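Here is the structure we will look at.
Laboratory data are not the source of any read-out in this text; all were calculated from the coordinates shown. Since we're looking at a predicted model, the values are computed, not measured. Counting neighbours? That spans all protein chains shown, and the Cβs are built from the backbone with ideal geometry, glycine included.
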Amino acid sequence: MFVVLLGPPGAGKGTQAQRIAAATSLLHISTGDMFRENVKNETALGQLAKTYMDRGDLVPDEVTIEMLLERIGRADAAAGAMFDGFPRNVVQARALDQALAARGARIDHALLISVSDQELIARLGGRWICRSCGALYHERNDPPTKADSCDRCGGPLYQRDDDRPEVVRTRLEKQKPPADLIAHYRAAGVLNEIDGEQPLGVVTAALLEAIR
Ligand code: ADP
Ligand code: ADP
Ligand code: ZN
C-alpha cells in the first residue's frame, strides 16, 4: 500500500506519519527528514537543499524527485510506504505515479490534513524535535515529560531554523498543497480530507480509519 500525506507546514504530517508507522509498520518516508539528514552530514545534496530550506522555498523538483525515486527503489519500500512531505506539486505527483506504475503499484490513499493558518503558526512556533530519533513534540500541545529531552530515546530536543516566524511566513505562502495537486488525487478517486485541528489521537484514528 502506498499513501501520501498532504497538508500545509505544521498540519501534523510528520507526527501522524510516526504514529501510523508505529501502528501499521508502514514505512515512513519524509523528504524533509532526508534533506535535513543530508544537511547534517554536509553532503553536496544537503548544501544545495539548505539554500532553499533556509529561505522557506521548495527544493527544485529535479533534485527532490531524484532523491525520492532512489529511496523508493530500495528493498524496504517494495511492499509499500507512506510519503510525508512529498509530493508538493503536480510535477512531483506525476513522477511518483509513473515510478509506481512501472512496478504495478499506485497511490492507494491521499490524506489531506487541513488546519487554519492561525493554528499552523502556533504549531510551528512551539515545535520541538529530537536530535537523535526525530520524534516530534509541541511545547504546549504535546510536551515531553522532561523539558528538553526526548521521551522515546532521551536525546536532546531542538527547534528548526525554518520554524522562525520570518521563514514560517514564506513557507505558508509557498508551501500549501496547491489546488491542482489536490485535484490530481481527487480525480484519481483516492482523496480523503481530515480535519487536522482535532486532538492528536482523534486525527490519528481518522487517518487509520481512512486507510484501513
Ligand atoms: P514541514 O513538515 O514543516 O512542512 P518538511 O520537513 O516537509 O517541512 O520540509 C522542510 C523543507 O524541505 C521544505 O521547506 C522544503 O525546502 C524542503 N522539502 C521537503 N520536501 C520537499 C519536496 N517534496 N519538494 C521540495 N522541497 C521539499
Ligand atoms: P508537519 O509535518 O505537517 O509540518 P508536524 O507533525 O511536525 O507537522 O506538527 C507540527 C507541530 O504541531 C508539532 O509540534 C506537533 O507536536 C504539533 N501538532 C501536530 N498535530 C497536532 C494536533 N492535532 N493538535 C495539536 N498539536 C499538533
Ligand atoms: Zn528521541
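At a Cα cut-off below 16 Å, give the lysines reachable from K50, other chains included and same-chain residues fewer than 8 away excluded.
The reachable lysines, counting only those whose Cα sits under 16 Å from K50, are K40.
Scan around H28 for amide H atoms under 5 Å from its own, H built in the peptide plane at 1.01 Å from N, and keep only partners 5 or more places away or cross-chain.
Long-range HN contacts for H28: M82.
Run the numbers for V202 and A99: contour at 0.36 nm per residue of separation, minus the present Cα-Cα distance, in nm.
33.8 nm
Can you tell me how region 134-191 classifies by the Cα gyration tensor, rounded, prolate or oblate, using a/c under 1.5 as the rounded cut?
Oblate is the answer for region 134-191, as a/c is 1.5 or above yet b/c matches or exceeds a/b.
Please list 3J(HN,Hα) in residue order for region 111-117, calculated via the Karplus relation 6.51 cos²θ - 1.76 cosθ + 1.60 where θ = phi - 60°; whole Hz, with x for glycine and proline.
10, 9, 9, 9, 8, 6, 4
Could you list which residues have their amide H under 5 Å from that of I194, counting only those 5 or more apart in sequence or on another chain, with H placed in the peptide plane?
Amide H to amide H, under 5 Å and 5 or more residues apart or across chains, I194 pairs with L112, I113, S114.
What ranking do E193, E209 get, fewest neighbouring Cβ atoms within 10 angstrom at the top?
Placing the least packed residue first, the sequence is E209, E193.
Hey, fewest Cβ within 10 Å first, where do M1, M34, M67, M82 land in order?
Going from least to most buried by this count: M1, M67, M34, M82.
Per DSSP H run of n ≥ 4, the term is -39500 (n - 2.57); total these for the chain, divide by its residue number, and report the mean residue ellipticity at 222 nm rounded to 500 deg cm²/dmol.
-13500 deg cm²/dmol
With a 10 Å radius around each residue's Cβ, average the other Cβ atoms per peptide and rank 139-149, 2-12, 90-100, highest first.
Those peptides, ordered most packed to least, come out 2-12, 90-100, 139-149.
If you restrict to DSSP beta bridges whose two residues both lie in the chain, what percentage is antiparallel, to the nearest 5?
30
Based on other C-beta atoms within 10 Å, arrange C153, C130 from fewest to most.
On the way: C153 12, C130 20.
Placing the least packed residue first, the sequence is C153, C130.
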